[in-house]
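So the structure is just underneath, and the comments pick up after that.
The values are calculated or read from the model by the stated rules, or taken from the named source; none is laboratory data. All figures in this text were calculated on a predicted structure; none of them were measured in a lab. Using ideal geometry, Cβ is built from the backbone for each residue, glycine included, and neighbour counts are taken over all protein chains shown.
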Amino acid sequence: MDFKILPVRLLFFLILIFSSTNTFSQCFEIQSILVDACGGADEGRNEMVRFKVGNTPLDINNLIVDWPNNSWQGVIQNTVTASKVAQLNADILIAGGCAQILEPPGGILPANAEVILITSFNMNTAVHSFGAISKNLYMIFQNNATNSIGHFANYGPAPGARTYSMTFGGTCSSSVVYDRTLLTTVTGNNAPADGATVNFTPAGVASYTNSGCVAPTPPFSVDAGASSITVCAGTTINLNGSAEGQQSLNWTAVSGNFSSPTTTTTDYEIPLSAGGTTIVLTLEAVNACGVKITDTVNLIVTPSTTPDFETALTLCSTDIPPILAPTSPNGITGTWNPPTISTTASGNYIFTPTAGQCASSAALDVNITSFSFSVKQGCIDNNYLVEIVLNSTLPSSDHTIKWINEKGDQIAYNTLLFNYTKYLETLTDKANPPLQFDIIVGLNSCEVKQTFVITDTLCGIQNVVSPNGDGKNDDFDLTPLKISSLTIFNRYGTEVYHFRGRYDTQWHGQWKNGLLPTGTYYYILSNEDGEERVGWVFLSY
C-alpha cells in the first residue's frame with residue numbers, strides 16, 4: 001500500500017495538470033504502468049513500468065525517474081539482477097514462451113527495444129506472471145534494496161491525478177498522467193487493488209485494466225465479445241472480437257458459416273435448423289511461439305417462425321388480384337416485395353418479416369394464366385365456317401371451348417371449327433344476318449369470352465333456277481343478302497327483269513311476256529349498303 005502524498009507534492013501535481021499538457025519524446029514512449037503491484041507489504045519492490053525505445057539507443061545510466069511517491073535511486077545491474085532475469089526466463093519457458101528477458105549489454109538499450117523497469121532489484125519473481133512472451137524484452141532495475149513502499153501513490157485524498165516522468169537527459173523525456181480514483185479491480189469496480197494497471201496510447205490517453213498479478217508485458221489477449229447473445233435461427237449477426245499480440249486468428253463453430261473467419265470482425269450465418277439450441281463460437285489466437293488462447297460466445301438460438309401464407313397462387317390475367325396482407329395468419333408482420341400482385345406476368349413475391357420477430361422470410365409463387373384467341377370465318381365448299389385460332393402454346397385439348405348462340409344456348413362444345421351452314425339446317429326458325437354469337441374459351445379455370453358477328457352466310461349465290469315445283473331452286477333466293485336492286489340480262493345484254501326494293505325470292509324465270517326460255521342469264525345486284533355483285537345463273541325447267 002502506498003503512503004499518502006505530501007501536501008507540497010500534491011500542489012505540484014495540480015499545477016502540472018492545469019498548466020501543461022503531456023508531452024511524449026520521440027526517443028521513447030511510456031506504454032504501461034503496474035500501479036498496484038502484488039506482493040502485499042513488499043509492493044514497492046514489485047511495481048513495473050513498460051516503455052519502448054525509439055530509433056536511437058539509450059544509456060540506462062542517464063535515466064532519471066520522477067515517481068509519484070519515493071525518490072529515484074538510479075539503476076543497477078549485478079549478479080542479483082542476473083539471477084532474477086534467469087528465474088523469469090525459466091518461468092517463461094515453462095509457460096510456453098519462445099522469447100526471453102535480457103539485461104541491456106553495457107547498459108545500452110537497443111533502438112526499438114521493449115523495456116520493463118522494475119522498482120527494485122529485490123523483486124519477487126514469483127509474484128507476477130510474465131506468461132508465454134513471444135518477443136524479447138529488456139529489463140532494468142532500480143537500485144532499491146530495502147524500500148517496500150509503493151511508488152505510484154494509489155491511495156490518498158482527492159484529486160486523484162498522478163504524474164509519472166522519465167528522462168534520459170537533455171530533451172529525451174516523457175511524462176504521463178493517470179487518475180488513481182479510476183483504478184479498477186479484477187471485477188471492474190473502481191478501487192486500487194492488486195494488479196491495477198494503467199495503459200497509455202502514444203498520445204498519452206490513459207485506460208485502466210486489472211488482469212490480476214500479471215506483469216505489464218506486451219499483451220497477448222483475445223476477446224470474442226459478449227459472453228452470451230440471444231439470436232434468431234436463420235439470421236446473420238456481426239461479431240466484433242479483439243486480439244493483441246497474435247500471429248493468427250480463427251473463428252470456429254460446430255455449424256454455421258463465418259464470412260471472414262481469420263479476422264476479429266466477421267459476419268456469422270446461423271443455421272435455420274439450430275433453433276432451440278446453443279451454439280458456441282470460439283475465437284482462437286496464436287502467437288509467434290505457437291501458444292494458443294481462446295475466448296467464446298454462447299449463442300442462444302431462438303427457433304424461427306415461418307409465416308404461414310399460401311405459397312402458390314394461380315390467377316387469370318383478367319382477375320382482380322388479391323391484396324398482399326402485411327400480417328400472416330400466424331401473426332408475423334412484415335412487407336412484400338413487390339408490394340402488389342400484377343396479373344400481366346407470373347412472378348415470385350417475397351415477404352420479409354419486420355426485425356425482432358425471429359421469423360423467416362416467405363415466398364408466394366404467382367402463376368398468371370394469360371391467353372387469347374382470334375376468330376376466322378368464311379366459306380369453304382359452300383359451307384360457312386367459323387374457326388378459333390388459339391395463341392396458347394398448350395394443345396387445344398387442354399382448353400374448354402363453348403359456342404353460345406344469340407339466345408344464350410350452347411350450340412357446340414370443345415371444337416375449334418363450327419359449321420354455321422350445317423347448324424342452320426337444324427333450325428326451323430332461321431334468323432337472318434347479322435347474327436351475334438359468343439365463344440368462351442377456358443384454360444386452368446380461366447375463361448376468355450369473345451363475341452363475333454356473322455354478317456353474310458351465303459357461300460356463293462346459287463347458279464341454277466329450276467321453277468318446276470319440286471321445292472329445289474324454284475326461286476332465285478337472295479334472302480340473306482339484303483338485296484335492294486336486281487337486274488337480269490340475257491346473253492345479248494338485253495334487260496329481261498328488273499326489281500327495285502327489298503328483294504328476297506321474287507324471280508323464278510318470269511319476264512313481262514311470260515317465262516324466259518332455258519338458258520344462261522346474267523345479273524347485277526346491289527345490297528342495302530350500296531355494294532354490287534355481278535354473276536350468272538342458268539335457268540331450266
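Points to keep in mind about this one:
- Residue count for segment 288-310, restricted to those that are surrounded by fewer than 18 Cβ atoms within 10 Å (Cβ to Cβ) and either touching a helix residue (DSSP H, G or I) at 6+ places or on another chain (Cβ under 7 Å) or over 27 Å from W336 (Cβ atoms) (or both): 8
- Among residues of segment 80-99 that are in the same structural domain as L137 (by TED's automatic domain parsing), those with a Cβ under 6 angstrom from a residue that is among the acidic types (D, E), sequence gap 6+ or separate chain, pair up as V85/E103.
- Residue check for V231: farther than 25 Å from N287 by Cβ, surrounded by 14 or more Cβ atoms within 10 Å (Cβ to Cβ) and within 44 Å of the chain's Cα centre (by Cα): yes
- Here T252 fits the description: outside the structural domain of Q31 (by TED's automatic domain parsing) and either within 34 Å of the chain's Cα centre (by Cα) or within 30 Å of L88 (Cβ to Cβ) (or both).
- Of all residues in segment 90-115, those being in a helix (DSSP H, G or I) and either within 15 Å of P219 (Cα to Cα) or more than 53 Å from the chain's Cα centre (by Cα) (or both) number 5.
- Residue match in segment 145-157 (condition: part of a strand (DSSP E or B), surrounded by 16 or more Cβ atoms within 10 Å (Cβ to Cβ) and not acidic (D, E)): no
- Pair list, Cβ under 6 Å, 6 or more apart: segment 64-79 residue farther than 15 Å from T146 by Cβ, other residue part of a loop (DSSP other than H, G, I, E, B) and among the small types (G, A, S): P68/A153; N69/A153
- Yes/no for R533 being touching a helix residue (DSSP H, G or I) at 6+ places or on another chain (Cβ under 9 Å) and either part of a strand (DSSP E or B) or in contact (Cβ under 8 Å) with a residue 24 or more places away in the chain (or both): yes
- Candidate set from segment 48-69 (those that are of a type in the set (D, E, K, R) and within 15 Å of S175 (Cα to Cα)); member that is surrounded by the most Cβ atoms within 10 Å (Cβ to Cβ): R50
- Scanning segment 238-276 for residues that are surrounded by fewer than 17 Cβ atoms within 10 Å (Cβ to Cβ), at pLDDT 95 or above and of a type in the set (A, V, I, L, M) yields one hit, V254.
- Unique match (being in contact with a Ser or Thr (Cβ under 8 Å, 6 or more places away or on another chain), in contact (Cβ under 8 Å) with a residue 60 or more places away in the chain, closer than 24 Å to D36 by Cα and among the β-branched types (V, I, T)) among V231, V214, V186: V214
- Of all residues in segment 213-228, those that are loosely packed, with under 14 Cβ neighbours inside 10 Å and either touching a Gly at 6+ places or on another chain (Cβ under 6 Å) or not in a strand (DSSP E or B) (or both) total 2.
- Scope segment 258-303; condition over 27 Å from G131 (Cα atoms), touching a Phe, Trp or Tyr at 6+ places or on another chain (Cβ under 8 Å) and β-branched (V, I, T); matching residues: T266
Quick grid of which residues meet (1) surrounded by 12 or more Cβ atoms within 10 Å (Cβ to Cβ); (2) touching a Gly at 6+ places or on another chain (Cβ under 9 Å); (3) in contact (Cβ under 8 Å) with a residue 24 or more places away in the chain; (4) of a type in the set (F, W, Y):
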{"position": "A412", "(1), (2), (3), (4)": "yes, no, no, no"}
{"position": "T415", "(1), (2), (3), (4)": "yes, no, no, no"}
{"position": "K422", "(1), (2), (3), (4)": "no, no, yes, no"}
{"position": "T426", "(1), (2), (3), (4)": "no, no, no, no"}
{"position": "D429", "(1), (2), (3), (4)": "no, no, no, no"}
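- Applying the criterion of being within 22 Å of S346 (Cβ to Cβ) and not aliphatic (A, V, I, L, M) to the residues of segment 316-331, the residue that is modelled with the lowest pLDDT is T318.
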